[in-house]
């Protein structure tokens with residue numbers, strides 16, 4: 001019974017990754033797609049999986065003010081006084097704990113303006129760490 005269940009599980013897991021034609025054409029060439037390889041190919045050049053996730057989250061939450069490259073020149077930056085920080089410099093000068101505190105509690109928590117909101121209740125800790133991992137790649 002266990003062998004039948006195991007065989008069924010193997011069948012159910014691998015069949016979705018095999019594409020073949022049932023329209024009377026030659027089926028001698030089955031194309032097997034590896035989802036891991038497809039995912040790796042989609043990752044931005046030079047970024048690991050965590051950094052790629054961080055980049056996506058950065059674009060969603062941070063780029064509007066800090067800019068695509070983190071230089072404080074985002075679309076909304078001209079509306080803010082003081083202007084958003086150049087994260088390429090901040091990440092070189094400060095330790096991760098400081099940056100995590102800013103993302104989690106907002107810039108007011110480190111004695112800066114209250115314009116950068118606290119994301120600790122919006123973004124999960126794992127995702128904040130991914131953002132920090134991505135930030136460390138900026139300016140390199």
Review point. Quick one: 33, 55, fewest Cβ neighbours within 10 Å first, how do they rank?
Key: 33, 55
Revision key, fill the gap. Rounded to one decimal in nm, the spacing of the 7 Å Cα→Cβ label points at residue 115 and residue 34 is 4.8
Review point. Between residue 140 and residue 64, what is the FRET efficiency for a Förster distance of 22 Å, r being their Cβ-Cβ separation, to the nearest 0.05?
Key: 0.45
Point to revise | Residue-span extension gain [residue 104 to residue 92] - 0.36 nm each, minus C-alpha spacing | key: 2.4 nm
Review point. Taking 0.36 nm per intervening residue step and subtracting the Cα-Cα distance, what contour gain separates residue 48 from residue 80 on full extension?
Key: 8.3 nm
**Study point:** Evaluated at q = 0.17, 0.19 Å⁻¹: base-10 log I(q)/I(0), Debye formula over Cα of the stretch 38-124
**Key:** -0.75, -0.92
Study note, to complete from the structure: By Cβ neighbour count within 10 Å, fewest first, 110, 103, 90 rank 110, 90, 103
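Quick note: the coordinates plus some simple rules give every number you see, no bench work behind them. Please read these numbers as outputs of a predicted model, since none were measured by experiment. Heads up, the Cβs are rebuilt from the backbone with ideal geometry, glycines too, and the neighbour counts pull from every protein chain shown.
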